[in-house]
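Student: Handing you a structure now.
The values are calculated or read from the model by the stated rules, or taken from the named source; none is laboratory data. Everything numeric in this text was worked out from a predicted model, so none of it was measured. We place every Cβ from the backbone using ideal geometry, glycine too, and count neighbours over all the protein chains shown. Heavy atoms of the whole protein, side chains included, go into the accessibility calculation; ligands, DNA and RNA do not. Shrake-Rupley method; radii C 1.70, N 1.55, O 1.52, S 1.80 Å.
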Number of protein chains: 2
Amino acid sequence: MVSSKDVAKHAGVSQTTVSRVLNTPELVTKKTLEKVLNAIEELNYIPNDIARSLVQKKTGVITLISGPLHNPFFVDTTTAIVNYANENGYKINVYFGTEDNLHTIYNSVLESKTDAIILSSILYDDPLYDKLEKLNIPFITFNRKHKKDNHYVEIDNEHAGRIVAETMYSLGHTDLCWIGGPQTMSTFYGRHKGFCAALHNLGIATDKLPFYFTDTSKAEIKAVFEMIVSLDKRPTAICAATDAIAIEVMSLCLEKGFRIPEDFNIIGIDNVELSRHHSINLTTVGMKSEKNLGSLAIAQLLETLKEENACIRQTESVKLFLRNTTSKKVD
Amino acid sequence: MVSSKDVAKHAGVSQTTVSRVLNTPELVTKKTLEKVLNAIEELNYIPNDIARSLVQKKTGVITLISGPLHNPFFVDTTTAIVNYANENGYKINVYFGTEDNLHTIYNSVLESKTDAIILSSILYDDPLYDKLEKLNIPFITFNRKHKKDNHYVEIDNEHAGRIVAETMYSLGHTDLCWIGGPQTMSTFYGRHKGFCAALHNLGIATDKLPFYFTDTSKAEIKAVFEMIVSLDKRPTAICAATDAIAIEVMSLCLEKGFRIPEDFNIIGIDNVELSRHHSINLTTVGMKSEKNLGSLAIAQLLETLKEENACIRQTESVKLFLRNTTSKKVD
DNA sequence: CATAGTAATGAATACGTAACCATTTTAATC
DNA sequence: GATTAAAATGGTTACGTATTCATTACTATG
């Protein structure tokens with residue numbers, strides 16, 4: 001391994017000067033600059049970023065703890081986050097968190113020197129929040145938020161839930177069902193809350209409607225779908241708390257020979273990229289802005305790294321994207 | 001920042017002993033072990049992995065240069081690679097390479113201390129190969145391979161191409177078209193070569209068939225599809241070099257009101273996870289093994305990190321996955 | 001030409017850890 | 001209790017860079 005000392009010796013200057021050539025070349029004479037650059041060239045010198053990180057106490061690495069990519073939402077956000085970070089000179093360490101490995105990931109991340117953390121996996125009442133604040137490590141959550149109501153970028157989940165209910169109602173559907181996720185996550189909690197609130201306002205009793213709270217795994221969604229199919233009074237519309245759930249339900253529907261939307265109306269939330277595919281064409285609720293939630297979060301995070309301004313509370317407004325998995329109810 | 005020196009002072013031992021407690025506790029008395037562990041606890045000490053990397057010359061980081069996630073193939077491989085690496089104690093730095101930013105990424109990666117590189121973006125005749133060998137940095141390519149025929153895990157691309165042609169032929173389709181990618185990549189080259197070879201064997205002249213070589217962008221695929229639609233003699237079957245292309249073509253078909261497979265048969269290669277979705281249900285060619293190509297590659301890479309055995313040439317055999325985007329031709 | 005001021009360079013040090021080698025402590029055997 | 005071997009601990013250094021401070025080399029001004 002050739003170091004800056006080797007370069008210095010080869011060029012007949014001090015190691016300090018080599019460092020200057022790389023970092024503050026304007027403080028170096030043209031003549032010595034050339035000498036050093038030539039030496040760097042000849043020796044194929046590559047600066048050691050680990051050593052630099054040690055002395056500067058900055059790694060240039062941001063840790064992303066994402067959900068798994070079989071959820072298309074995280075495909076979109078991971079793409080946006082990684083690319084934005086790279087364009088701004090940061091490297092991204094990626095983890096895909098699941099219920100099983102999340103604790104292991106947290107330990108690994110907390111023991112690693114990372115300039116900041118961007119994650120979505122936080123629970124509404126998660127002890128991780130305090131740990132991060134205590135360690136004074138900059139972080140932001142996207143999609144979900146913590147009860148302490150800071151460091152987050154989300155969509156207006158309650159409004160999204162309301163739009164889902166109102167959309168189905170306006171299409172004539174009153175036999176609805178809801179497939180959600182763990183209520184310990186702000187997204188699922190908020191969407192469900194908005195959904196129920198809207199139904200209440202519309203005069204639809206929610207206590208008789210089938211509500212299911214899954215762990216969002218394929219297995220549980222399948223189990224839930226089979227329960228729905230076997231209901232005495234089958235719902236005409238399935239309201240999924242996320243596009244990921246909705247798209248999985250679509251696959252199950254088609255597998256069983258049901259038609260969409262003739263047999264089941266389906267609606268999701270998130271407006272993931274995949275939902276636009278003409279084989280899917282999922283009616284959904286998503287951000288009004290063209291931007292991606294991951295982009296917004298990583299942009300905010302990089303801002304706070306500059307300014308030490310530790311206050312990010314961003315809730316993006318939402319709207320309906322009407323596509324082909326929904327239709328007017330025919331009696 | 002609390003260091004191992006602080007812990008040492010607090011526990012009344014040397015920094016060396018603190019280091020031993022963390023790395024070789026069996027060399028330490030129970031009594032001092034406890035003292036040190038208590039000090040660690042009280043001071044909330046977290047070892048600095050950067051300093052450790054510097055002295056050990058190992059970072060525990062592997063760099064993944066993947067293609068973009070809007071290609072579902074890379075969704076599958078990225079998932080497999082990141083998870084496998086994490087399970088084995090490695091962190092993964094992720095980049096999503098495109099034609100535009102690839103050069104920038106290479107520069108960034110080469111200047112960073114990474115234990116190894118796993119990438120798919122290599123060209124058949126890529127100067128990067130020599131650079132990596134020269135720098136003596138362990139690496140592996142998945143999916144694509146370099147002409148120097150080493151450090152790769154791939155599928156049998158030629159065979160895949162043959163299966164595509166034979167499948168369509170056996171269904172009665174002889175008006176075929178091919179939508180491929182840059183022939184500078186071993187995948188596209190091999191698949192196209194196998195496709196042509198099989199057609200030749202079947203007695204179908206390839207010189208009159210419409211072959212298109214795109215850059216795999218949505219824009220070019222769309223342009224190609226429009227050309228296909230406007231052909232005098234419209235092909236009855238579209239053979240895509242990858243599932244990503246096939247799935248994009250499906251969306252374009254449906255958007256224009258064509259039916260699949262009534263108006264167009266469609267087949268891909270890769271057998272990506274998404275192709276199994278019942279809204280897609282794409283006929284495709286993929287690995288016989290249940291494993292993922294990314295898994296195989298990262299597993300091989302980690303092996304070579306242990307053994308310094310620098311020879312990986314793995315070509316996985318393939319088979320047909322017959323689904324619903326293909327059907328017997330009716331005259 | 002002297003002098004002050006600035007530009008350019010170098011020497012020494014810190015960053016936080018692991019590793020090497022030396023030293024002290026403990027245990028074991030006679 | 002003496003001697004020897006083994007176990008446990010500590011002192012020092014290396015890793016490769018940026019930074020701080022000191023020093024030397026220039027330049028400009030009168």
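Student: Just to verify a result, which residue in the stretch A:288-315, among those that are aliphatic (A, V, I, L, M) and either assigned to a loop (DSSP other than H, G, I, E, B) or within 14 Å of another protein chain (Cβ to nearest Cβ) (or both), is most open to solvent (accessible area, probe 1.4 Å)? Break it down stepwise before answering.
Tutor: So in the stretch A:288-315, the residues aliphatic (A, V, I, L, M) come out as A:293, A:296-299, A:301-302, A:305, A:310, A:312.
Now narrow it down to the ones that are either assigned to a loop (DSSP other than H, G, I, E, B) or within 14 Å of another protein chain (Cβ to nearest Cβ) (or both): A:298, A:310, A:312.
Working: A:298: 0, A:310: 61, A:312: 8 Å².
It comes out as A:310.
Student: Still on this model: Residues of the stretch A:316-331 being open to solvent by 30 Å² or more (accessible area, probe 1.4 Å) and under 30 Å from residue B:250 (Cβ atoms), which ones? Before you say what the answer is, go through the steps one by one.
Tutor: Filtering the stretch A:316-331 down to residues open to solvent by 30 Å² or more (accessible area, probe 1.4 Å) leaves A:316-317, A:319-324, A:327-331.
Within the stretch A:316-331, A:319, A:320, A:321, A:322, A:323, A:324, A:327, A:328, A:329, A:330 meet the criteria.
Student: Separate question: If you go through the stretch A:71-92, how many residues are at the interface with chain B (Cβ under 7 Å from one of its Cβ atoms) and open to solvent by 10 Å² or more (accessible area, probe 1.4 Å)? Before you say what the answer is, go through the steps one by one.
Tutor: Within the stretch A:71-92, the subset at the interface with chain B (Cβ under 7 Å from one of its Cβ atoms) is A:75, A:78-79, A:82-83, A:86, A:91-92.
Still in the running and open to solvent by 10 Å² or more (accessible area, probe 1.4 Å): A:75, A:79, A:83, A:86, A:91.
Count: 5.
Student: Got a number for residues in the stretch A:128-157 being β-branched (Val, Ile, Thr), farther than 17 Å from residue A:181 by Cβ and open to solvent by less than 20 Å² (accessible area, probe 1.4 Å)? Show your work before the answer.
Tutor: First, the residues of the stretch A:128-157 that are β-branched (Val, Ile, Thr): A:137, A:140-141, A:153, A:155.
With farther than 17 Å from residue A:181 by Cβ added as a condition, the list becomes A:137, A:140, A:153.
Checking the rest, the ones that are also open to solvent by less than 20 Å² (accessible area, probe 1.4 Å) come to A:140, A:153.
So the answer is 2.
Student: Let me ask you something else. Read through the list (1) modelled with pLDDT of 95 or more; (2) closer than 21 Å to residue A:159 by Cα, then give the number of the only condition that residue A:261 fails.
Tutor: Going through the list (1) modelled with pLDDT of 95 or more; (2) closer than 21 Å to residue A:159 by Cα, residue A:261 breaks only (2).
Student: If you don't mind, there's one more thing I want to ask. Could you go through the stretch A:257-266 and let me know if any residue there is of a type in the set (S, T, N, Q), more than 23 Å from residue B:247 (Cα to Cα), out of contact with any Leu (no Cβ under 6 Å at 6 or more places or on another chain) and not assigned by TED's automatic domain parsing to the domain that holds residue A:180. Walk me through how you get there before you give the answer.
Tutor: From the stretch A:257-266, those of a type in the set (S, T, N, Q) are A:265; that's our starting set.
Remaining after also requiring more than 23 Å from residue B:247 (Cα to Cα): A:265.
With out of contact with any Leu (no Cβ under 6 Å at 6 or more places or on another chain) added as a condition, the list becomes A:265.
With not assigned by TED's automatic domain parsing to the domain that holds residue A:180 added as a condition, the list becomes none.
No, the conditions are met nowhere in the stretch A:257-266.
Student: Here is a further query. Taking the condition crowded, with 16+ Cβ neighbours inside 10 Å, farther than 30 Å from residue B:11 by Cα, of a type in the set (S, T, N, Q) and touching a Ser or Thr at 6+ places or on another chain (Cβ under 7 Å), does residue B:59 pass? Break it down stepwise before answering.
Tutor: Details: crowded, with 16+ Cβ neighbours inside 10 Å: yes; farther than 30 Å from residue B:11 by Cα: no; of a type in the set (S, T, N, Q): yes; touching a Ser or Thr at 6+ places or on another chain (Cβ under 7 Å): yes.
No: the conditions fail for residue B:59.
Student: Checking the structure you have, find out if any residue of the stretch B:42-54 is away from DNA strand C (no atom under 16 Å from the Cβ) and surrounded by fewer than 22 Cβ atoms within 10 Å (Cβ to Cβ). Outline the logic, then answer.
Tutor: Applying the first criterion (away from DNA strand C (no atom under 16 Å from the Cβ)) to the stretch B:42-54 yields none.
Scanning the stretch B:42-54 turns up no residue that is away from DNA strand C (no atom under 16 Å from the Cβ) and surrounded by fewer than 22 Cβ atoms within 10 Å (Cβ to Cβ).
Student: What tally of residues in the stretch B:295-331 results from selecting those that are over 18 Å from residue B:164 (Cβ atoms) and not assigned by TED's automatic domain parsing to the domain that holds residue B:89?
Tutor: Looking only at that region, the number is 2.
Rundown of residues vs (1) among the basic types (Lys, Arg); (2) closer than 22 Å to residue B:292 by Cβ; (3) within 15 Å of DNA strand D (Cβ to nearest atom), yes/no style:
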residue: B:55; (1), (2), (3): no, no, yes
residue: B:58; (1), (2), (3): yes, no, yes
residue: B:69; (1), (2), (3): no, yes, no
residue: B:86; (1), (2), (3): no, yes, no
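Student: One residue is enough: does the stretch B:225-232 have a residue meeting the conditions open to solvent by less than 30 Å² (accessible area, probe 1.4 Å), of a type outside the set (A, V, I, L, M) and over 20 Å from residue B:318 (Cβ atoms)?
Tutor: Filtering the stretch B:225-232 down to residues open to solvent by less than 30 Å² (accessible area, probe 1.4 Å) leaves B:225, B:228.
If we keep only those that are of a type outside the set (A, V, I, L, M) too, we end up with B:225.
Filter again for over 20 Å from residue B:318 (Cβ atoms), leaving B:225.
Scanning the stretch B:225-232, I find at least one residue that is open to solvent by less than 30 Å² (accessible area, probe 1.4 Å), of a type outside the set (A, V, I, L, M) and over 20 Å from residue B:318 (Cβ atoms), so the answer is yes.
Student: Among A:31, A:35, A:58, which is in a loop (DSSP other than H, G, I, E, B) and within 16 Å of DNA strand C (Cβ to nearest atom)? Spell out the reasoning first.
Tutor: Working: A:31 fails: in a loop (DSSP other than H, G, I, E, B); A:35 fails: in a loop (DSSP other than H, G, I, E, B).
Exactly one of A:31, A:35, A:58 is in a loop (DSSP other than H, G, I, E, B) and within 16 Å of DNA strand C (Cβ to nearest atom), namely A:58.
Student: May I ask you to verify whether residue A:125 is crowded, with 21+ Cβ neighbours inside 10 Å and out of contact with any strand residue (DSSP E or B) (no Cβ under 7 Å at 6 or more places or on another chain)?
Tutor: Numbers: crowded, with 21+ Cβ neighbours inside 10 Å: no; out of contact with any strand residue (DSSP E or B) (no Cβ under 7 Å at 6 or more places or on another chain): yes.
No, not satisfied.
Student: For residues that are within 11 Å of DNA strand C (Cβ to nearest atom) and open to solvent by 60 Å² or more (accessible area, probe 1.4 Å), scanning just the stretch B:7-18, find the one that is nearest to the other protein chains (Cβ to nearest Cβ).
Tutor: Within the stretch B:7-18, the first condition is being within 11 Å of DNA strand C (Cβ to nearest atom), and the residues that meet it are B:7-8, B:14-18.
Subset that is open to solvent by 60 Å² or more (accessible area, probe 1.4 Å): B:15-16.
Details: B:15: 16, B:16: 19 Å.
The selected residue is B:15.
Student: If you go through the stretch B:1-28 one residue at a time, how many are within 23 Å of residue A:134 (Cα to Cα) and in a loop (DSSP other than H, G, I, E, B)?
Tutor: Total meeting the criteria: 3.
Student: What are the residues in the stretch B:264-287 that are open to solvent by 10 Å² or more (accessible area, probe 1.4 Å), outside any strand (DSSP E or B) and in contact with an Asp or Glu (Cβ under 9 Å, 6 or more places away or on another chain), if any?
Tutor: B:270, B:271, B:273, B:274, B:277, B:278
Student: How many residues does the stretch B:158-185 contain that are touching a strand residue (DSSP E or B) at 6+ places or on another chain (Cβ under 9 Å), open to solvent by 10 Å² or more (accessible area, probe 1.4 Å) and under 30 Å from residue B:131 (Cβ atoms)?
Tutor: Counting residues in the stretch B:158-185 that are touching a strand residue (DSSP E or B) at 6+ places or on another chain (Cβ under 9 Å), open to solvent by 10 Å² or more (accessible area, probe 1.4 Å) and under 30 Å from residue B:131 (Cβ atoms) gives 2.
Student: Residue under question is residue A:115, and the condition is that it be away from DNA strand C (no atom under 12 Å from the Cβ) and within 14 Å of chain B (Cβ to nearest Cβ); does it hold? Walk me through it before giving the result.
Tutor: On the way: away from DNA strand C (no atom under 12 Å from the Cβ): yes; within 14 Å of chain B (Cβ to nearest Cβ): yes.
Spelling it out, residue A:115 is indeed away from DNA strand C (no atom under 12 Å from the Cβ) and within 14 Å of chain B (Cβ to nearest Cβ).
Student: Search the stretch B:19-41 for residues being touching a residue at least 24 places away in the same chain (Cβ under 8 Å) and near DNA strand D (Cβ under 10 Å from one of its atoms), and hand back the single one that is least open to solvent (accessible area, probe 1.4 Å). Step through it out loud before you land on a result.
Tutor: Going through the stretch B:19-41, the residues touching a residue at least 24 places away in the same chain (Cβ under 8 Å) turn out to be B:22, B:35-36, B:38-40.
Cutting the leftovers down to near DNA strand D (Cβ under 10 Å from one of its atoms) gives us B:35-36.
Working: B:35: 85, B:36: 0 Å².
Step by step, filter the stretch B:19-41, then rank; the result is B:36.
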